[in-house]
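Asks: Dumping the structure here so I can ask a few things about it.
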Amino acid sequence: MNKWDTLTPVLLQSIGETIYMVAVSLLIAGAAGLIIGALLYATRPGNLFENRVVFFVANLVINLIRPIPFIIFLTAVAPVTRAVTGTTLGTDAAIVPITIMATVVIARVVEQNLVAVDPGTVEAARAVGARRIGVLFGVVIPEALAPLMLGYTFMFIAVVDMSAMAGYIGGGGLGNFAIIYGYQQFNQQATWVTVAIIVVIVQAGQLVGNALAQRILRR
């Protein structure tokens, strides 16, 4: 029997697990990161909702988490993962650390893109009587929408990468497939097939993200 007769169903399941991990993590982290990033921007000294305490705390948390290598972060937050999912193994368990790390990085990406918006645009909106919350969600975020889309595209790629690393701790997905059926069984073919599939997923996400950003810029 051809070994791929056995491996193909496992590979297809692994692809599904990767897509599931990436989709759920990015959905949650995308929303949470946008909120935290907007909060960071708005509470910066001299900004719309200046609040030094809130900004300091949020900024400190991000600065503490973001530099941690993800492979170490996976084990560091294992107690949190176990408390949320009841286990540290499987795709549901892998989603917890992926979501936390992605939220932190997205928050910083959002903040940086919002800070880049022309202050004159904000001042003009305020001059005509727009409320601060209206300026934030009606002016600043729409102005930064195209670069934000590119930032989210970058995060899609990063989350795919994190989902692969989750395979080291039994997180399932393509990373787990490459380790078990490629590395541990000295099967280079399985490893390179996994690499090719990940490249296709990343390229597809990049093309979609670039297309959406271009469409936003044309408006």
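Asks: Using 0.36 nm per residue, how much length does the chain from V128 to R218 gain when fully extended, once their Cα-Cα distance is taken away?
Replies: Result for the pair: 29.8 nm of gain on full extension.
Asks: Let me ask something else about it. Residues of region 147-183 with backbone nitrogen within less than 16 Å of a virtual label 7 Å along the Cα-to-Cβ line of A211, please, listed as ranges.
Replies: Inside the label zone: 150, 153.
Asks: Which FRET efficiency value, to the nearest 0.05, is calculated for Y168 and E50 with the Förster distance at 45 angstrom and r the Cβ-Cβ distance?
Replies: After rounding to 0.05, the efficiency reads 0.55.
Asks: Then there is this: Which of G205, Y183, I36 sits farthest toward the positive end of the charge dipole of the chain, with +1 on the Cβ of Lys and Arg and -1 on the Cβ of Asp and Glu?
Replies: About the Cα centre, the residue reaching furthest to the positive side is I36.
Asks: Moving on. Place a +1 charge on the Cβ of each Lys and Arg in region 58-142 and a -1 charge on the Cβ of each Asp and Glu, then give the dipole magnitude about the Cα centre in debye, rounded to the nearest 20.
Replies: Once rounded to the nearest 20, the dipole reads 160 debye.
Asks: Given the options T121, T81, T191, which has the most mean-square fluctuation in a GNM of the chain, springs set between C-alpha atoms less than 10 angstrom apart?
Replies: Comparing T121, T81, T191 in a Gaussian network model of the chain, the most mobile one is T121.
Asks: Per residue, how large is the accessible surface of the chain? Use a 1.4 angstrom probe and give square angstrom.
Replies: For the chain, the solvent-accessible area averages 53 Å² per residue.
Asks: Please state the relative contact order of the chain as a whole percent: Cα pairs under 8 Å, 6+ residues apart?
Replies: 26
Asks: Where does each of 133-140, 207-214, 30-37 land if you order them by average Cβ count within 10 Å, highest first?
Replies: Details: 133-140: 16.1, 207-214: 14.4, 30-37: 19.6.
The most tightly packed comes first, giving 30-37, 133-140, 207-214.
Asks: Using every pair of alpha-carbon atoms in region 97-190, split the distances into 10 Å bins beginning at 0 and state the percent of pairs per bin, rounded to integers.
Replies: Histogramming region 97-190 at 10 Å steps yields 15, 30, 21, 16, 10, 6, 1 percent.
Asks: Ok, one more. Using a Förster radius of 45 Å, what is the FRET efficiency between V57 and Q184 based on their Cβ-Cβ separation? Nearest 0.05, please.
Replies: The computed FRET efficiency comes out at 0.55.
Asks: What fraction of the Cα pairs in region 1-147, stated in percent, has a spacing above 21 angstrom? Kindly include the intermediate steps, with their values, before the conclusion.
Replies: Numbers: 5958 of 10731 pairs.
The share of Cα pairs beyond 21 Å in region 1-147 comes to 56 percent.
The values are calculated or read from the model by the stated rules, or taken from the named source; none is laboratory data. For clarity, every value in this text was computed on a predicted model and none was experimentally measured. Every residue, glycine as well, gets a Cβ built from its backbone with ideal geometry; the counts of neighbours run over all protein chains shown. Please note that ligands, DNA and RNA were not included when accessible areas were found on the heavy atoms of the full protein model with its side chains. Shrake-Rupley method; radii C 1.70, N 1.55, O 1.52, S 1.80 Å.
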